[in-house]
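Asker: I'd like to ask some things about the structure below.
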């Protein structure tokens, strides 16, 4: 979860919101929304235990066409786009420290390297991810501690509610800024993509989803409090590499470069996580549709190598062909639609009486899923209003998945699969 969004989106949020209280509320609301989604997905994953995430949920709860469209979204946008965005941020941070290094070149090199690593074996994949995740959490805590202990003069930031803040929270600017925040929390559902490879998913999956999301919300609130306390708004507005700017302002040029290198290192974990989880969706699609059967092929270590390579190649295309902001808005919209229908699925699950006896049930049902659905629908509507090009391209992407399902289903039927 922790990666691109929290280190890039504050600069864009500041273009429309200048209230410190409202900015912190953005990250709190985003965290509560992700937590409500995680509470719901925990029930879906525990009762429908198979790798594939939304592809698995929507196939079994609605119709194979709904699952296929979800899988198509995940295959083309859901993981390749976040991999590209995290790699692009890695490149931006690295080039801020070492100007002679091409940000695009370093981003592409990172994707290629981690694609190769995750093709080796499950054990290698797991070990690399665990190591970089632990390093990531330690580096975030180190970053905040260094800024507050050795940083320069703190900003006159008042985080208490101000007059007019209540109107701002319900404004279009808040909804648009929430798009960036929701993207930063993207990944709270990633454990459901590898459910089949978890030990005792009925027990472990809810714990992973709930504990992980709560930890990330705490880290995000702490990071943004640090950013806003350590650097003036004027130098952060519209900037991508927020962490480097804050470190440079608080610690000086040399300290800023050192922290920039640390933050670049941190982003490796995000690229690694998405490179590991995404291909499992492609694998599930390949198992169900003969048109994509090659994606289900495993190497001798049981790893879907072709699916991993395919996703890596798609991420490289995003890196060289699109801007950071357009990829972020477009992918956020499509992924929002994907998770929206999945969370609705918890009501379908109970209506169809598909619950496994003794499996986890959503805490605070039905309020948790309703909160997630309300916030997500609100932001999706504002994407279509404020960024219609990216929004309607997302709609077209979903429609293309429906057309592709028609042809792939017919081919699978003709082949007897």
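Asker: Can you tell me which of 107, 175 is modelled with pLDDT of 80 or more, more than 30 Å from residue 299 (Cα to Cα) and touching a helix residue (DSSP H, G or I) at 6+ places or on another chain (Cβ under 7 Å)?
Answerer: Step by step, each of 107, 175 is checked, and only 175 is modelled with pLDDT of 80 or more, more than 30 Å from residue 299 (Cα to Cα) and touching a helix residue (DSSP H, G or I) at 6+ places or on another chain (Cβ under 7 Å).
Asker: Of all residues in segment 205-234, count the ones that are over 19 Å from residue 26 (Cβ atoms) and surrounded by 15 or more Cβ atoms within 10 Å (Cβ to Cβ).
Answerer: Of the residues in that region, 6 qualify.
Asker: Also, I was wondering about something else. Output the number of the condition that residue 275 fails; it satisfies all remaining conditions of (1) surrounded by fewer than 24 Cβ atoms within 10 Å (Cβ to Cβ); (2) modelled with pLDDT of 80 or more.
Answerer: Every condition holds for residue 275 apart from (1).
Asker: Is segment 275-282 home to any residue that is over 24 Å from residue 405 (Cβ atoms) and in a helix (DSSP H, G or I)?
Answerer: Yes.
Asker: Hey, among 345, 358, which residue is in contact (Cβ under 8 Å) with a residue 40 or more places away in the chain, over 19 Å from the mean Cα position of the chain (by Cα), in a helix (DSSP H, G or I) and under 18 Å from residue 48 (Cβ atoms)?
Answerer: Going through 345, 358 in turn, just one is in contact (Cβ under 8 Å) with a residue 40 or more places away in the chain, over 19 Å from the mean Cα position of the chain (by Cα), in a helix (DSSP H, G or I) and under 18 Å from residue 48 (Cβ atoms): 345.
Asker: Taking segment 143-165 as the search range and keeping residues that are within 14 Å of residue 250 (Cα to Cα) and part of a helix (DSSP H, G or I), which one is modelled with the lowest pLDDT?
Answerer: For segment 143-165, the residue satisfying everything is 150.
Results for (1) within 16 Å of residue 190 (Cα to Cα); (2) touching a helix residue (DSSP H, G or I) at 6+ places or on another chain (Cβ under 8 Å); (3) modelled with pLDDT of 85 or more, shown as yes or no for each residue.
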position	(1), (2), (3)
63	no, no, yes
78	yes, yes, no
81	yes, yes, no
85	no, yes, no
88	no, yes, yes
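Asker: Consider residue 309 carefully, then state whether it is under 19 Å from the mean Cα position of the chain (by Cα), at pLDDT 75 or above and in a helix (DSSP H, G or I).
Answerer: So residue 309 fails the test.
Asker: Checking residue 282 against (1) within 27 Å of residue 178 (Cα to Cα); (2) modelled with pLDDT under 80, which single condition isn't satisfied?
Answerer: Checking residue 282 against (1) within 27 Å of residue 178 (Cα to Cα); (2) modelled with pLDDT under 80, the one that fails is (1).
The values are calculated or read from the model by the stated rules, or taken from the named source; none is laboratory data. Just so it is clear, the structure is predicted and the values come from calculations on it, not from any experiment. Counting neighbours? That spans all protein chains shown, and the Cβs are built from the backbone with ideal geometry, glycine included.
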